[in-house]
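See structure below.
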Amino acid sequence: MQRITSKHLEAKILDLNLLTGSPSNFRLDSAYGGYELQRMRGTGCSKPLNTGHIPARQLAGLIDAMAVGIRLQKIHDEAKIFDYLWKLEGLD
């Protein structure tokens, strides 16, 4: 099993930021020997996963799950747009 480092987590967070269209919205915080995903909001930050600082492997899995959820939502939204355009053209 490959060790998950902060560089791995940073790469996953970059992917998450690209998926959400916000280049620096999510960031990695580390303390107490663990890691936490934070979301920047104005001058402060929130904790979207509400986990506190957890091991890198556990956070990597949660970030992956979050990215899959965002991708599925985008697919769903695109399908709804396609259905709308299909009906608009009278092709149903």
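Read-outs throughout are calculated quantities, based only on the coordinates presented, and are distinct from any laboratory measurement. Values in this document were obtained by computation on a predicted structure and should not be read as measured data. Please note: Cβ atoms are built from the backbone with ideal geometry, for glycine as well, and neighbour counts cover all protein chains shown.
Just the residues that are out of contact with any helix residue (DSSP H, G or I) (no Cβ under 8 Å at 6 or more places or on another chain) and assigned to a loop (DSSP other than H, G, I, E, B), please, taken from the range 17-47. Lay out the reasoning, then the answer.
Taking the range 17-47 first, the residues out of contact with any helix residue (DSSP H, G or I) (no Cβ under 8 Å at 6 or more places or on another chain) are 17-18, 21-22, 29, 31-33, 38-47.
Correct list: Gly21, Ser22, Tyr32, Gly33, Gly42, Thr43, Lys47.
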- Message: Of the residues Glu36, Glu78, only one is acidic (Asp, Glu) and surrounded by 15 or more Cβ atoms within 10 Å (Cβ to Cβ); which?
- Response: Glu36
- Can you tell me which residue in the range 32-73 is farthest from Ala11 (Cα to Cα), limited to those that are among the polar types (S, T, N, Q) and without any contact (Cβ under 8 Å) to a residue 12 or more places away in the chain? Thr43
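Being among the hydrophobic types (A, V, I, L, M, F, W, C) and touching a residue at least 24 places away in the same chain (Cβ under 8 Å) is the filter here; which residues of the range 1-27 pass it?
Ile4, Leu9, Ile13, Leu16, Leu19
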- Item | Filter result for Ser22 (loosely packed, with under 13 Cβ neighbours inside 10 Å and either among the β-branched types (Val, Ile, Thr) or in contact with a strand residue (DSSP E or B) (Cβ under 6 Å, 6 or more places away or on another chain) (or both)) | no
